[in-house]
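Taking it in order: structure first as structure tokens, then the write-up.
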Amino acid sequence: MARRRRTRKVDEAYEFEVYPPGTLRLRDVDLSIRVKGDEHYEEELKARQREVFGLQVKMFQTGQRAIFVFEGWDAAGKGGCIKRLTAEMDPRGYKVWPIGPPDEESRRHQYLWRFWNRLPGRGEVAVFDRSWYGRVLVERVEKFATKAEWKRAYDEINAFERMLTSDGVQVRKFFLHIDRKTQLERFKARETDRFKSYKIGPDDWRNRRRWKDYEEAIGEMLDRTHRPDAPWVLVSANDKHHARLEVLRVCADVMAASLEGRR
């Protein structure tokens, strides 16, 4: 028997559905998935990128909008996935927003304020490299937000995204999952690569020591914000090639659905 979705009522006229807790779990992700053969990977990569480009042009022409959110473990490959996703896209129709700690101006406002000006306009795709989910992840674990602040953030985020999807914006949220062994290998590789050494620092090693705390925060984030209108997609990312192809496939499906919905 299918599990029933929870319905969270925001007010008498506005509500959103959330999938039952446990619908998505990190431990259910098959991290053994691999793409066999570099030649096969390159062929599929190019085909997927051409598909995404064609869909992006049609979205631009018809005024459709989409948001792709990328979260994941440090060194999970978010940047590489975003780079391959946008490689063939027309730069006039998309924007990538790398999200770091809030600046002084942002701290003067409610935490979602700095994301409003980064939302896509008509015909645009917005890609967030980290996002508003920082409130219930790093800000929760590192205690940059109080317990009351991050606990109420789930409803605030659900309402924020529900406003977007009600206005016709397609939203997909990716979490790139890797195991601790793979993360350690990538951390060490970054330290010895002069082109990537800037990507690794004390904060990354400190976060790694709090893996269990982050696992708990990620699990609750998935339970509280995985919704039919803006679902999470857990991506097996021990193999970077698989992660990139999977992201391209899902994004193409989302963009195609946006165009189908307009007919």
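The values are calculated or read from the model by the stated rules, or taken from the named source; none is laboratory data. Because the structure is a prediction, the values reported are computed rather than measured. FYI the Cβ positions are ideal-geometry reconstructions off the backbone, even for glycines, and counts take in every protein chain you see.
When the helices (runs of 4 or more DSSP H) confined to the range 134-230 are screened for residues that are modelled with pLDDT of 95 or more and not basic (Lys, Arg), those reaching at least 1 such residues are found at 138-141, 147-166, 180-191, 211-225.
Could you check the range 110-128 and list, in sequence order, the residues that are more than 23 Å from residue 257 (Cα to Cα) and outside any helix (DSSP H, G or I)? Explain how you work it out, then say what you get.
Step one: of the range 110-128, the residues more than 23 Å from residue 257 (Cα to Cα) are 110-117.
Answer for the range 110-128, where residues must be more than 23 Å from residue 257 (Cα to Cα) and outside any helix (DSSP H, G or I): 110, 111, 112, 117.
Could you identify the single residue in 130, 172 that is surrounded by fewer than 19 Cβ atoms within 10 Å (Cβ to Cβ), within 29 Å of residue 93 (Cβ to Cβ), in contact (Cβ under 8 Å) with a residue 12 or more places away in the chain and of a type in the set (Lys, Arg)? Show your work before the answer.
Working: 172 fails: surrounded by fewer than 19 Cβ atoms within 10 Å (Cβ to Cβ).
Testing whether each residue is surrounded by fewer than 19 Cβ atoms within 10 Å (Cβ to Cβ), within 29 Å of residue 93 (Cβ to Cβ), in contact (Cβ under 8 Å) with a residue 12 or more places away in the chain and of a type in the set (Lys, Arg) leaves just 130.
Every condition in (1) closer than 17 Å to residue 123 by Cα; (2) crowded, with 18+ Cβ neighbours inside 10 Å; (3) among the aromatic types (Phe, Trp, Tyr) is met by residue 53 except one, and the failing one is (2).
Here's the yes/no breakdown for (1) without any contact (Cβ under 8 Å) to a residue 12 or more places away in the chain; (2) closer than 16 Å to residue 179 by Cβ; (3) buried (at least 19 other Cβ atoms within 10 Å of the Cβ); (4) within 17 Å of the chain's Cα centre (by Cα):
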residue	(1), (2), (3), (4)
216	yes, no, no, no
243	no, yes, yes, yes
250	no, no, no, yes
255	no, no, yes, yes
259	no, no, no, no
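Of the residues 237, 189, only one is more than 15 Å from the chain's Cα centre (by Cα) and either surrounded by fewer than 18 Cβ atoms within 10 Å (Cβ to Cβ) or among the hydrophobic types (A, V, I, L, M, F, W, C) (or both); which? Working first, answer last.
Working: 237 fails: more than 15 Å from the chain's Cα centre (by Cα).
Going through 237, 189 in turn, the sole match is 189.
Among the criteria (1) under 18 Å from residue 85 (Cα atoms); (2) part of a helix (DSSP H, G or I), the one residue 233 does not fulfil is (2). Residue count for the range 39-64 satisfying the condition of being in contact (Cβ under 8 Å) with a residue 60 or more places away in the chain, part of a helix (DSSP H, G or I) and not aliphatic (A, V, I, L, M): 10.
Note on the range 65-109: among residues that are part of a helix (DSSP H, G or I) and of a type in the set (Lys, Arg), the one that is surrounded by the most Cβ atoms within 10 Å (Cβ to Cβ) is 78.
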